[in-house]
Amino acid sequence: MSEGGMADMNPRVDGDTFILPVRVYYEDTDAGGVVYYANYLKFAERARTEMLRHVGLENSTLQEQDGIALVVRRLEVDYKQPARLDDLLDVHLTLTKIGGASLQGEQRILRGDDDLAHIKIVLASMKLSGGPGRLPENIRNLLQPFLKLK
C-alpha cells in the first residue's frame, strides 16, 4: 500500500507498549485544522479499548461477565505540539502498575518522532452496582505484557 494507506492503521505491540495508529480527520480539528485538545483524550481512550481487545477482552465483556467497568479516576495531560488534519498519529500505551482494583498507565501520542502529548492515567475498576470492584486475576494476568518493568 502507499504511504499513509490502511496498512499503516493496524495496532501493534513493541515490547511492553501497545501502539494504535490514529488518523486525524476533519471532525477532530478546529477551524484552523489543529486537533481540538479534548480529542487527544478520545485517541487515548481508543488505544486503551483496543489494547483490551488485543488481549481478548472487551469493555462489554467486563461489564456482562465480570460486572465491572474501568473508569478514569485521574488524568494528567502535557500537550507539547499540535496534531493537524490528515496526520497519522501513533498512540502508545504502557501500564506502570496493575493493582487489585486499579490500573496506572502512561500514554504518548506521537507523529513520527514528534512527541505531541503525554498522558498519565489512573483507571479504577468499579462494580456496575456501585463502589470499587477487584480486577479478576485472569484480567490482571492478561495485562501483564504491557506492564513497564522499572
Restricting segment 126-144 to residues that are part of a helix (DSSP H, G or I) and of a type in the set (S, T, N, Q), the one nearest to VAL13 (Cα to Cα) turns out to be GLN144
Residue set GLU45, GLU76; condition without any contact (Cβ under 8 Å) to a residue 40 or more places away in the chain and under 30 Å from ALA31 (Cα atoms); output residue GLU45
Among the residues of segment 62-83, are any of a type outside the set (A, V, I, L, M, F, W, C), surrounded by 13 or more Cβ atoms within 10 Å (Cβ to Cβ) and within 12 Å of the chain's Cα centre (by Cα)? no
Hey, any hits in segment 54-71 for a residue that's without any contact (Cβ under 8 Å) to a residue 12 or more places away in the chain and over 26 Å from ILE139 (Cα atoms)?
no
Of those in segment 89-104 that are in a strand (DSSP E or B), out of contact with any Phe, Trp or Tyr (no Cβ under 8 Å at 6 or more places or on another chain) and not hydroxyl-bearing (Ser, Thr, Tyr), the residue surrounded by the fewest Cβ atoms within 10 Å (Cβ to Cβ) is LYS97
Counting only residues in segment 20-43 that are among the β-branched types (Val, Ile, Thr) and crowded, with 19+ Cβ neighbours inside 10 Å, the one nearest to GLN104 (Cα to Cα) is identified as VAL22
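Here, each number is a calculation from the coordinates, and none is a lab measurement. Keep in mind it's a predicted model, so treat the numbers as computed, not measured. When we count neighbours, we look across all protein chains shown, and the Cβ atoms used for this are built from the backbone with ideal geometry, even at glycine.
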